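For reference, the structure is listed below as C-alpha cells.
The values are calculated or read from the model by the stated rules, or taken from the named source; none is laboratory data. Nothing here was measured: the structure is a model prediction, and the numbers come from that model. Here the Cβ positions follow ideal geometry from the backbone for every residue, glycine too, while neighbour counts run over all protein chains shown.
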Amino acid sequence: MSQSNNAYAGTLLAGRLVGQRVEERKGNDGNPWIQYFIGIEVPVANGFPGQTDVLEVQVSEKIMNAAYHTALKDLNGKHVFVSVYPRVFATRNGAGMQYNLTNEENNIVAQPTSVAKVA
C-alpha cells in the first residue's frame, strides 16, 4: 500500500519571523556542535493586550546548508506560517518541549496580508 505525499503531519505555527540565531558549543568529543534556530513571535494566550512571546524553532544543519539562510532574510519581520514538529522530552525537573522545522519543501511561507492583519 502506498502512502500519499500530500498528507500533512506536524504543527503549523503562525507568527512573525523575528530572526535567526546560531549557537556553537563544544561536543563531548571536543568538536564544535552547531545548532541553528529561528524565532517566531506569537501572541501570549490569556496575556496582556499586545503581549508576545518568541518561540524558538530548531533548523537542521542540512536545511541551513541548502542556502536557506538567504530565503530567511527575505521573510525576516514578515508574518509567516511555519511547519514544525514538536519534540517532547523528560528532564530532571519535569518535561521540556522543542519545536523542529520540518523537512517539507515549503516549510516557511509568508502569510497573505489579510491573514496577517487578523493574527
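Within segment 1-25, being under 22 Å from PRO86 (Cα atoms), assigned to a loop (DSSP other than H, G, I, E, B) and either modelled with pLDDT of 90 or more or aliphatic (A, V, I, L, M) (or both) holds for ALA7, ALA9. Considering each residue of segment 26-35 in turn, at least one proves to be surrounded by 10 or more Cβ atoms within 10 Å (Cβ to Cβ), among the polar types (S, T, N, Q) and assigned to a strand (DSSP E or B). If you go through segment 38-69 and keep only what is in a helix (DSSP H, G or I), surrounded by 13 or more Cβ atoms within 10 Å (Cβ to Cβ) and without any contact (Cβ under 8 Å) to a residue 40 or more places away in the chain, you end up with MET64, TYR68. Taken over segment 86-115, the residue count meeting the criterion of being under 9 Å from the mean Cα position of the chain (by Cα) and assigned to a strand (DSSP E or B) is 4. The requirement of being modelled with pLDDT of 90 or more, surrounded by 10 or more Cβ atoms within 10 Å (Cβ to Cβ) and of a type in the set (Val, Ile, Thr) is not satisfied by VAL88. Can you find a residue that is touching a residue at least 60 places away in the same chain (Cβ under 8 Å) and not aliphatic (A, V, I, L, M) anywhere in segment 91-100? Yes, segment 91-100 contains a residue that is touching a residue at least 60 places away in the same chain (Cβ under 8 Å) and not aliphatic (A, V, I, L, M).
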